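Worksheet: the structure to be examined is printed underneath.
The values are calculated or read from the model by the stated rules, or taken from the named source; none is laboratory data. Just so it is clear, the model here is predicted, and its values are computed rather than measured. Virtual Cβ from ideal backbone geometry, glycine too; neighbours counted across all protein chains shown. The protein model used for the area step is the full one, side chains on, heavy atoms only, and it has no ligands, DNA or RNA in it. Shrake-Rupley method; radii C 1.70, N 1.55, O 1.52, S 1.80 Å.
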Amino acid sequence: MDSTTLFFLIITLIAGGLAGAALNTWLQNRRSKKYVSTQEATVLIERIEKVFKVVMAEGYFTEIYNYQNDKNIWNLINDKKKALIIAKAKVLVGYDFGKMKFHRPDGERKLVIDFFPAPEILSIDTDYKFYDIEQGWLNRFQSDDYTAILNEAKQTMNDKAMESDLPRIAGNQVQLMIFQLAASMNWSVEMKLPDGNVAMLREMTHYRTLEAQIDSLDTRKE
């Protein structure tokens, strides 16, 4: 074998090796791409606010919700969809002290409350599970249906929470906290509230004691 043939043989072997390595790398990358998932998330902070909200009571609720929708097709076929939803919620009730109005008389260790806000729901943490979902041929569940069902269930939870003893518990708790804090610093508290505000506060102090298991707290001066 002369030198020229040997040279071309070596070049051919090197080129073949490089081509084989490149092909092997390409195949491995192609296989790996089948198992690679890409996730991307963007978090935008719209605004941050300072608040003075205090939780005074929490309650746990369970709702069983039956949903059914009938669709009449050409007055011949009754196509329906239905589902059973079990919703659970943790409800926190408390006060936004930013809504309270008060002042301190000059030279006195006294806090005069001019307006006392009503208790409100500060947050609802919900969990939903769908059971027995049935759909018709044409009348099927869409994303808007699920959104509407969950919004209605959440509103029901909100209403039930405000009808329960949670607002009363929160009302008594917040009054107890205010008067105890004032007493610990040798201050006094006086409420000079509008008539409507007094009526609301009086309602908050009337417990169904057997259900709430907390004694009434009436600190107003008539």
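Take the conditions in contact (Cβ under 8 Å) with a residue 40 or more places away in the chain, of a type in the set (A, V, I, L, M, F, W, C) and in contact with a helix residue (DSSP H, G or I) (Cβ under 7 Å, 6 or more places away or on another chain) and apply them to I169. Does it pass? Criteria met by I169.
Entry remark, region 54-95: residues being open to solvent by 100 Å² or more (accessible area, probe 1.4 Å) and farther than 26 Å from E134 by Cα number 1 in total. Taking V91 as the residue in question, decide whether it is modelled with pLDDT under 85 and either outside any helix (DSSP H, G or I) or more than 34 Å from the chain's Cα centre (by Cα) (or both). Against the criterion (modelled with pLDDT under 85 and either outside any helix (DSSP H, G or I) or more than 34 Å from the chain's Cα centre (by Cα) (or both)), V91 does not qualify.
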